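Below is one structure; the comments refer to it alone.
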Amino acid sequence: MKKQLLALAGLALFFAACSSKKDDPQPEPEKPKSLSGMLKTVYTLGGNDTSHVFYNDDITLRTVKSDWNRNTSDTGGNIDSVAYADGKPSGIWEKYYNKALPYNDYALVIRYAYANNKLQKVIIPPQDNYSGYDSIGYNASGKAEKAFRYVSMDGTAPKEVARRTFTWTGNNVTKVVYETMENGKVLATSEDNYTYDDKPNWRLDVSVITQGGGLVPEAVNANNILKQTRTASGIPAKTNSFTYQYDDKNKVVKVEATYEFDMNPGLRTTVIEYYK
């Protein structure tokens, strides 16, 4: 596209030298990019959780609208909208509702800070006397290697409460070591190990929202997780397993996840739809 625009600019200059101004050709406006193949809807079978995804004209992520109705006491939803600055996501604004509360006003819930064109901090602005941020360190290859979590309660100075160390194999995070911290000392350690398929990560279209709570492998991997196994001293290993159904374009259309940790134990089936 850049070469085409430069060529049009050159033609415009040529005709400006040879014709009157009223005859100058005008470049045609750029057509909106196609959303074909972009993530559109994600919903769970039997769980009544649904997310709809919307994009800007340049197909950057604009909004994710989510609703859930799991039982009579757990009904609600939220709208997450992505703000941009200098071509990069700068923050997430959110409004939400539940059974007793209509949509509130938009509030800034995540802010992103950059240095040298790399994400340096994922910041949680003050909310209910709580604020915090992930500070991200990179290795020599330019991949995120460490994330340091700092938290402030009731306006106190931020304190480091956790560290995550990422090990990469190719373009996937294959190990994450979690350390819980207090006063600069490690209180507890756990380790997650991952295996992957060879298909494109279906979450990449919404990776900005995925990493809203901090840097996570799901937001940055090139491929889809098959197994996530967590080990910790004195605790039996637990594994989350994922199987995928693909369409003829290698896009994930269904995920069957069996959880042993981080989610309610058991099977969760997710259906994924794309813009035509």
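Filtered by the rule that a residue be closer than 21 Å to K185 by Cβ, in contact (Cβ under 8 Å) with a residue 12 or more places away in the chain and either over 18 Å from the mean Cα position of the chain (by Cα) or not in a strand (DSSP E or B) (or both), the stretch 149-158 gives Y150, V151, S152, M153, P158. Can A83 be described as surrounded by 13 or more Cβ atoms within 10 Å (Cβ to Cβ), among the hydrophobic types (A, V, I, L, M, F, W, C) and within 20 Å of G214 (Cβ to Cβ)? Yes: the conditions hold for A83.
Just one of (1) assigned to a strand (DSSP E or B); (2) over 18 Å from the mean Cα position of the chain (by Cα); (3) closer than 25 Å to G91 by Cα fails for F166. It is (2). Please verify whether the stretch 192-205 includes one or more residues that are within 19 Å of M38 (Cβ to Cβ), in contact with a strand residue (DSSP E or B) (Cβ under 7 Å, 6 or more places away or on another chain) and either outside the structural domain of Y138 (by TED's automatic domain parsing) or among the hydrophobic types (A, V, I, L, M, F, W, C) (or both). The answer is yes; a qualifying residue exists.
The C-beta contact set for the stretch 94-121 (first residue within 22 Å of R164 (Cα to Cα), second residue not in a strand (DSSP E or B), distance under 7 angstrom, 6+ apart or interchain) comprises I110/G212. Of everything in the stretch 181-205 that is out of contact with any helix residue (DSSP H, G or I) (no Cβ under 9 Å at 6 or more places or on another chain) and among the acidic types (D, E), the residue that is surrounded by the most Cβ atoms within 10 Å (Cβ to Cβ) is D205. Within the stretch 131-159, being surrounded by fewer than 16 Cβ atoms within 10 Å (Cβ to Cβ) and either within 17 Å of E182 (Cβ to Cβ) or of a type in the set (D, E) (or both) holds for V151, M153, D154, T156, A157, P158, K159.
Within the stretch 234-252, the set of residues being more than 22 Å from V173 (Cβ to Cβ) and polar (S, T, N, Q) comprises just one member, Q245. Scanning the stretch 75-126 for residues that are among the aromatic types (F, W, Y) and either part of a strand (DSSP E or B) or at pLDDT 95 or above (or both) yields Y84, W93, Y96, Y97, Y112, Y114.
All told, V208 falls short of being surrounded by 14 or more Cβ atoms within 10 Å (Cβ to Cβ), in contact (Cβ under 8 Å) with a residue 12 or more places away in the chain and assigned to a strand (DSSP E or B). Among the residues of the stretch 115-132, is there at least one that is of a type in the set (V, I, T), within 19 Å of the chain's Cα centre (by Cα) and more than 26 Å from T174 (Cβ to Cβ)? Yes, the stretch 115-132 contains a residue that is of a type in the set (V, I, T), within 19 Å of the chain's Cα centre (by Cα) and more than 26 Å from T174 (Cβ to Cβ).
Would you pick out the residues in the stretch 61-74 that are hydroxyl-bearing (S, T, Y) and either surrounded by 15 or more Cβ atoms within 10 Å (Cβ to Cβ) or assigned to a strand (DSSP E or B) (or both)? T63, S66, listed by residue number.
The values are calculated or read from the model by the stated rules, or taken from the named source; none is laboratory data. Everything numeric here is computed off the predicted structure, so don't read it as measured data. A quick note on method: Cβ atoms are made from the backbone with ideal geometry, for glycine too, and the neighbour counts reach across all protein chains shown.
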